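The values are calculated or read from the model by the stated rules, or taken from the named source; none is laboratory data. Quick caveat: nothing in here was measured; it's all calculated off a predicted structure. Note that each Cβ is placed from the backbone with ideal geometry, even for glycine, and that neighbours are counted across all protein chains shown. Heavy atoms of the whole protein, side chains included, go into the accessibility calculation; ligands, DNA and RNA do not. Shrake-Rupley method; radii C 1.70, N 1.55, O 1.52, S 1.80 Å.
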Amino acid sequence: GSLVRTFTPFYFLVEPVDTLSARGASVVLNCSAHCQSTPRIEWKKDGTFLNLVSDDRRQLLPDGSLLINSVVHSKHNKPDEGYYQCVATVDSLGTIVSRTAKLTVAGK
């Protein structure tokens, strides 16, 4: 009884791209992954997973994209600027990580 493992396609349909946003604007970082079983999408910013549950400005859209409402950017507080990655996980399969997208915020 040899175990035959079949190849399951699991890949990104859309990955985030470097984005320039104005302060106070809304920005969407696109991400969508394809697999037979629906991947769980999470986002990392500067290498750390974002906790979107308690976040009133950032939310995960149904397709896996990240929406940031009213981008915050001041001289001493730049919580939204940085490097973002989309992380897709299928429990029986593994995890894939998107390219890194840089979000740059322009002041008024």
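Among the residues of region 12-33, is there at least one that is in a strand (DSSP E or B), within 23 Å of K78 (Cβ to Cβ) and touching a Phe, Trp or Tyr at 6+ places or on another chain (Cβ under 8 Å)? The answer is yes; a qualifying residue exists.
Quick test for you: out of D63, D80, pick the one residue that is more than 12 Å from the chain's Cα centre (by Cα) and modelled with pLDDT of 90 or more.
On inspection, the qualifying residue turns out to be D80.
Does L29 meet the test of being within 11 Å of the chain's Cα centre (by Cα), at pLDDT 95 or above and surrounded by fewer than 18 Cβ atoms within 10 Å (Cβ to Cβ)? Against the criterion (within 11 Å of the chain's Cα centre (by Cα), at pLDDT 95 or above and surrounded by fewer than 18 Cβ atoms within 10 Å (Cβ to Cβ)), L29 does not qualify. Under the condition of being open to solvent by 50 Å² or more (accessible area, probe 1.4 Å) and modelled with pLDDT of 95 or more, the residues counted in region 1-21 number 7. A search for C-beta distances below 6 Å between a residue of region 5-23 that is under 25 Å from K102 (Cβ atoms) and any residue that is in a strand (DSSP E or B) and open to solvent by 60 Å² or more (accessible area, probe 1.4 Å), counting only pairs 6+ apart in sequence or on different chains, returns Y11/H34; L13/H34; D18/K102.
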